[in-house]
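Novice: Dropping a structure here in structure tokens format, bear with me for questions.
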Amino acid sequence: MSGTKTAITDESSLDEAGAARFAELLANDQRVEPTDWMPEGYRKTLIRQISQHAHSEIIGMQPEGNWITRAPSLKRKAILMAKVQDEAGHGLYLYSAAQTLGIDRETMFEQLITGAAKYSSIFNYPTPTWADMGSIGWLVDGAAICNQVPLCRASYGPYGRAMVRICKEESFHQRQGFEILLHLMRGTEAQRAMAQESVNRWYAPALMMFGPPDDDSPNSRQSMDWNIKRFSNDELRQRFVDMLVPQAEILGVTLPDPHIKWNEERGHFDFGELDWAEFHEVLAGNGPANTIRVARRRQAHEDGAWVREAARAYADARMTEKIAS
Amino acid sequence: MSHTSNRTISDAVTAETIATSGSIAPEAVARYAIGLGDDALILAQRLGEWIAHAPELEEDVALGNIALDQLGHARSFLSYASSAWEKTEDDLAYFRDESEFRNRQLFEQPNGDFAQTIARQLVASLYFQALYNALCQSTDQTLAAIAAKAIKEVDYHVDHSVQWLMRLGLGTEFSRERMQHGLNSVWAFVAELFSNDPLTANLEGIAVDPQTLQEEFDRLVKKAIAEAGLTVPTVPAARGGGRAGIHTEFLGPLLAEMQVLARAHPGATW
């Protein structure tokens, strides 16, 4: 909730003092807390970003959940179950962080299942093979980490703190994805082919997770001024490619981009253009699995309505009993 | 508490430590352990189907947790069992056919709606609680250690299912109906859990005779169901036979899904 306003306080002077305090916090790179004054744009941006992030965790359970019942060994099944469960946990922290900004979970859920809210487009790609569990861990969680580590220092306290915990688990997820691919690459010919085919499909979409190129990213500047975003989309994408190339060598997979080449002068790997038309198509809802993902989530929510209603009725009755006794 | 004695050993017990410990299960013990492992594995597989479809996020986490615990128990029992024939847990889980599975039929029953899953979970967790409490006293050190570790987790599973039994039984008229329906749907498979288990023959002191668990189970389950304002169903018992490899039609498709990838790549490691 925004600052408490009483009748005797002059609102504009309160806002002025709050704004000065907000500017001071940002200038000193300190945290903004839920009770602090904040500009409406800052609040709205954070609600949008945090809830989208939460939605991504929740929708992201589906492409991996797809393989829980078919995981090829009991150990892999256990790891995958734990991972998908972590994602539900991340969704929960993030919804809670967004709630501190004055939006409730039911509203955010409504936005998700009606298709009004966005989530990371990467989860609109399907997972036809087991190797996709490796690629999601290595590439998708790897990109997520590059994006999220700087968010641990985001100016909004509850978000930054949630990200600290999430990043710890994500880095474990990335390692296990890498390990799945490593096992496949050291396995039979069919397993190696499965791994390479999967990396071919996920590489470009993972690079697009950082968002459009900087000159086409209208909101980035403001987020950087607010200390929410610390590095530009292109900087993070470069950092990710620099990290991937040597890891791909260890795995023995080929990254599907003939333009990847070390650039001595820049001290970075060069890489080819991405198909941004595809990015915008998937973002607009025309990806391979957009409709299915949202429909599944809506179905689970609607099927569970009577269960949540029963739990509420039971809790209310208990509360009444307690008050009466 | 009967399950505290093995706590020090038990904390270290996992499928991996059993597999690398070099301890070899005598064949009769291994056959018994397969039954216990299959019960836990098939239930874990069913619960895994819920993940990403639960009524609320907290339940995605809770059901996932329970599934993961059950899978852990399964892996320990199957790792131990597999040592008798120089096999692995995965050989047993992925390369046996339907008639070679020894799980009781309750565990292969479909999830149904959330109430039916809770009904199955209530019966399963109270059964496991009684069983593992007794198995902690087994003279087989490995079985006792697995049970001692599992019981701590199962105590929590009992709590989870009893709490939902209350919420659904006493929540709304609709949830009460669903919960009663859930109990009615699984009740035919309760009797088999406590019927004579051929795999326990000649394993006195090592295996638990399931008939000795029924009294405690009945007492607790009746109390919980009554507190939730529901009725203990009176339906004829199914014919059973899971321990002899006789199953309902639901196990085949479950195994087909579980085993499909592993069987497409025989000899591969993952």
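The values are calculated or read from the model by the stated rules, or taken from the named source; none is laboratory data. Computed from a predicted model, the values in this text were never measured in an experiment. Cβ coordinates were reconstructed from backbone atoms using ideal geometry, including for glycine residues, and neighbour counts include every protein chain displayed. Note: accessible area is taken over every heavy atom of the protein model, side chains too, but ligands, DNA and RNA are not part of it. Shrake-Rupley method; radii C 1.70, N 1.55, O 1.52, S 1.80 Å.
Novice: Ignoring ligands and nucleic acids, what accessible area does A:ASP216 show with a 1.4 Å probe (Å², nearest 10)?
Specialist: 80 Å²
Novice: When the solvent-accessible surface of protein heavy atoms is calculated with a 1.4 angstrom probe, in what order do A:MET319, B:MET179 fall, highest first? Mind showing how you got there, number by number?
Specialist: On the way: A:MET319 110, B:MET179 0 Å².
I get A:MET319, B:MET179, largest accessible area first.
Novice: Less than 15 Å Cβ to Cβ from A:ASP257, Lys/Arg counted +1 and Asp/Glu -1: what total charge do the surrounding residues give?
Specialist: On the way: positive: A:ARG201, A:ARG237, A:LYS261; negative: A:ASP242, A:GLU249, A:ASP270, A:GLU273, A:ASP275, A:GLU278.
Every neighbour counted, the sum reads -3.
Novice: Once the dipole of the protein assembly as shown is set up with Lys and Arg at +1 and Asp and Glu at -1 on Cβ about the Cα centre, which of A:ILE79, A:THR100, B:VAL162 lies farthest towards its positive end?
Specialist: B:VAL162
Novice: Tell me the accessible surface of B:VAL260 in square angstrom (1.4 angstrom probe, heavy atoms of protein chains only), to the nearest ten.
Specialist: My reading of the accessible area for B:VAL260 is about 70 Å².
Novice: Cα gyration tensor of the stretch B:219-270, axes a ≥ b ≥ c as square roots of the eigenvalues: rounded (a/c below 1.5), prolate (a/b > b/c) or oblate?
Specialist: On the way: a/c = 3.86, a/b = 2.43, b/c = 1.58.
Prolate, since a/c reaches 1.5 and a/b exceeds b/c.
Novice: Something else: What is the dipole size for chain B, taken about its Cα centre, with +1 at each Lys and Arg Cβ and -1 at each Asp and Glu Cβ, in debye to the nearest 20? Intermediate results must be reported in sequence, preceding the final value.
Specialist: Numbers: 20 positive and 36 negative charges, 70 e Å.
Charge dipole of chain B: 340 debye, to the nearest 20.
Novice: For B:PHE250, A:PHE123, give me the order by solvent-accessible area with a 1.4 Å probe, most accessible first, ignoring ligands, DNA and RNA.
Specialist: On the way: B:PHE250 95, A:PHE123 30 Å².
Putting B:PHE250, A:PHE123 in descending order of accessible area: B:PHE250, A:PHE123.
Novice: For the pairs A:LYS83/A:LYS229; A:LYS83/B:LYS87; A:LYS118/B:LYS152; A:LYS168/B:LYS149, note any where the Cα-Cα span goes beyond 30 Å.
Specialist: A:LYS118/B:LYS152
Novice: Set Lys and Arg Cβ to +1 and Asp and Glu Cβ to -1, take the dipole of chain B about its Cα centre, and tell me which of B:GLN259, B:GLY37, B:LEU193 lies farthest positive.
Specialist: Comparing the listed Cα positions along the dipole, B:LEU193 ranks first.
Novice: Taking the Cα-to-Cβ direction at B:GLU227 and at B:GLU16 and moving 7 Å from each Cα, how far apart do the two end points lie in nm?
Specialist: According to this spin-label approximation, the distance is 3.8 nm.
Novice: So how much accessible surface do A and B hide from each other in total, probe 1.4 Å, in square angstrom to the nearest 100?
Specialist: Working: alone 16760 and 12260 Å², together 25120 Å².
Buried area (both sides, nearest 100 Å²): 3900 Å².
Novice: About the Cα centre of chain A, what is the dipole size in debye to 20, counting +1 per Lys and Arg Cβ and -1 per Asp and Glu Cβ, all else neutral?
Specialist: Values: 36 positive and 44 negative charges, 256 e Å.
Computed about the Cα centre, the dipole is about 1240 debye.
Novice: Let me ask something additional. Would you kindly find the accessible area of A:SER223, with a 1.4 Å probe and non-protein molecules such as ligands, DNA and RNA excluded, rounding to the nearest 10 Å²?
Specialist: 10 Å²
Novice: Would you please classify the overall shape of chain B from the alpha carbon gyration tensor, given that a ≥ b ≥ c denote the square roots of the eigenvalues, rounded means a/c under 1.5, and beyond that prolate means a/b larger than b/c while oblate covers the rest?
Specialist: Details: a/c = 1.61, a/b = 1.37, b/c = 1.18.
Because a/c hits 1.5 or more and a/b exceeds b/c, chain B counts as prolate.
Novice: Could you order B:GLU215, A:GLU278, A:GLU235 so the one with the most accessible surface comes first? Probe is 1.4 Å.
Specialist: Numbers: B:GLU215 155, A:GLU278 65, A:GLU235 95 Å².
Per-residue accessible area, sorted high to low, gives B:GLU215, A:GLU235, A:GLU278.
Novice: Here's another thing I want to ask about it. Points 7 angstrom from Cα along the Cβ direction at B:ALA264 and B:ILE24: gap in nanometres?
Specialist: It is 3.7 nm.
Novice: Also, quick follow-up: Can you bin chain A into rounded, prolate or oblate? Criterion: square roots of the alpha carbon gyration tensor eigenvalues sorted a ≥ b ≥ c, rounded for a/c under 1.5, prolate for a/b above b/c, oblate for the rest. Present the calculation step by step, with values, prior to reporting the outcome.
Specialist: Numbers: a/c = 2.24, a/b = 1.32, b/c = 1.69.
Oblate is the answer for chain A, as a/c is 1.5 or above yet b/c matches or exceeds a/b.
Novice: Count the net charge of all other residues whose Cβ sits under 12 Å from the Cβ of A:ASP234, scoring Lys and Arg as +1 and Asp and Glu as -1.
Specialist: Working: positive: A:ARG237, A:ARG239; negative: A:ASP214, A:ASP215, A:ASP216, A:GLU235.
Once all neighbours under 12 Å are counted, the net charge is -2.
Novice: If you don't mind, there's one more thing I want to ask. What part of the accessible area of the stretch A:14-322, given as a whole %, is carbon or sulfur when the probe is 1.4 angstrom?
Specialist: On the way: 7060 of 13260 Å².
Within the stretch A:14-322, the accessible surface is 53 percent carbon and sulfur.
Novice: A follow-up question, please. Based on the Cβ-Cβ distance from A:SER12 to B:ASP91, what FRET efficiency comes out when R0 is 56 Å, to the nearest 0.05?
Specialist: On the way: r = 75 Å, r/R0 = 1.34.
My answer for the efficiency is 0.15.
Novice: Run the simple label-point estimate for A:SER171 and A:GLU197 please: 7 Å along Cα→C-beta, distance reported in nm.
Specialist: Spacing of the two 7 Å Cα→Cβ label points: 3.5 nm.
Novice: Applying the Karplus parametrisation 6.51 cos²θ - 1.76 cosθ + 1.60 with θ = phi - 60° to the phi angles of the stretch A:132-139, what ³J(HN,Hα) value in whole Hz is obtained for each residue in order, glycine and proline being reported as x?
Specialist: 3J(HN,Hα) across the stretch A:132-139, in whole Hz: 4, 5, x, 5, 4, x, 5, 8.
Novice: Hey, can you list the residues from the stretch A:35-70 whose accessible area shrinks by 20 Å² or more with all protein chains present, relative to the chain by itself (probe 1.4 Å, no ligands or nucleic acids)?
Specialist: Buried by the other chains: A:MET61, A:ILE68, A:THR69, A:ARG70.
Novice: On to the next question. Lys and Arg at +1, Asp and Glu at -1: add these up for the other residues within a Cβ distance under 15 Å of A:GLU24 and post the number. Kindly include the intermediate steps, with their values, before the conclusion.
Specialist: Details: positive: A:ARG21, A:ARG31; negative: A:ASP15, A:GLU16, A:ASP29, A:GLU33, A:ASP36, A:ASP225.
Spelling it out: positives minus negatives among the neighbours equals -4.
Novice: Roughly what angle does helix A:40-59 make with the longest principal axis of chain A, taking Cα atoms, 0 to 90 degrees, to the nearest 10?
Specialist: On a 0 to 90 degree scale, this one is about 50.
Novice: Enumerate by residue number the chymotrypsin sites (Phe, Trp or Tyr not before Pro) in the stretch B:15-117 meeting two conditions: DSSP loop (anything except H, G, I, E, B), and at most 14 other Cβ atoms within 10 Å of the site's Cβ. Let's see the in-between values first.
Specialist: Values: sites: B:TYR32, B:TRP50, B:PHE77, B:TYR80, B:TRP85, B:TYR94, B:PHE95, B:PHE101, B:PHE107, B:PHE114; in loops: B:TRP50, B:PHE95, B:PHE101.
Hits after loop and neighbour filter: B:PHE95.
Novice: Then there's this: For chain B, what does the relative contact order come out to in percent, with C-alpha contacts under 8 Å and a separation of six or more? Spell out each step's value before the answer.
Specialist: On the way: 409 pairs, mean separation 66.2, N = 270.
Relative CO of chain B lands at 25 percent.
Novice: Can I ask one more? Taking +1 at the Cβ of each Lys and Arg and -1 at the Cβ of each Asp and Glu, which of B:GLY112, B:ALA224, B:GLY182 sits farthest along the dipole of chain B towards its positive end, judged by Cα position relative to the Cα centre?
Specialist: Ranked along the dipole, the leading option is B:ALA224.
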